[in-house]
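S.K.: Attaching a single structure in structure tokens format; questions to follow.
Nothing in this text is a laboratory measurement; each read-out follows from the coordinates by a stated rule. Keep in mind that this is a model prediction, so the values were computed, not measured. In this analysis, Cβ positions are derived from the backbone assuming ideal geometry, glycine residues included, and neighbour counts consider all displayed protein chains.
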Amino acid sequence: MNHRSFFRRLFVPFAALALAVLVGRITDRTTGQSLSGLRVTTIGPTHAVARTDSDGRYEFRNLRPGKYTLVIRGKGVPTVRARIALAGRQMTKNVAVCNVALDYSCSNLPQRR
């Protein structure tokens with residue numbers, strides 16, 4: 001076994017296990033105001049749930065690379081889905097959503113499930 005085949009057999013599987021971090025901020029699309037307390041769920045290779053903090057920020061650690069759907073839900077916010085492809089070590093995905101408390105026209109939007 002030469003040096004290259006040894007490297008491929010031993011180290012390439014570890015590279016495939018590299019985990020990523022996904023961070024972002026959820027804001028109101030009309031006012032730009034941060035939205036706290038929203039539930040953000042990842043659907044994909046890794047299933048995880050987080051809540052937005054007082055600045056509208058969320059964070060997921062230890063996600064496997066791949067294609068994901070982010071599902072954002074919360075009181076006064078119609079369910080929003082966003083598709084992402086997580087390939088690197090860290091990715092930022094900010095999302096602007098419609099909040100009924102800040103924009104009454106949002107109440108007429110169809111609910112996505």
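S.K.: Can you tell me the FRET efficiency between ASN62 and ALA96 if r is taken as the Cβ-Cβ distance and R0 is 35 Å, rounded to the nearest 0.05? Numbers along the way, then the final one.
M.R.: On the way: r = 27 Å, r/R0 = 0.76.
So, using R0 = 35 Å, E works out to roughly 0.85.
S.K.: If you take every residue apart from THR41 with its C-beta less than 12 Å away from the C-beta of THR41, what net charge results, scoring Lys and Arg +1 and Asp and Glu -1? It would help to have the intermediate numbers written out before the result.
M.R.: Details: positive: ARG39, ARG51, ARG73, ARG81; negative: none.
Combined, the nearby Lys, Arg, Asp and Glu give +4.
S.K.: Please compute the net charge surrounding ASN94, taking Lys and Arg as +1 and Asp and Glu as -1 over other residues with Cβ under 13 Å from its Cβ. Don't skip to the answer; put the middle values down first.
M.R.: Details: positive: ARG25, ARG29, ARG57, LYS93; negative: ASP28, ASP55, GLU59.
Charge balance near ASN94 sits at +1.
S.K.: With the calculation restricted to Cα positions, what are the radius of gyration and Dmax of the range 19-108 in angstrom?
M.R.: 12.9, 40
S.K.: Any chance you could run the full-extension gain for GLN33 through ALA87? It's 0.36 nm times the residue separation minus the Cα-Cα distance, nm to one decimal.
M.R.: On the way: separation 54, 0.36 × 54 = 19.44 nm, distance 2.92 nm.
Net length gain for the segment: 16.5 nm.
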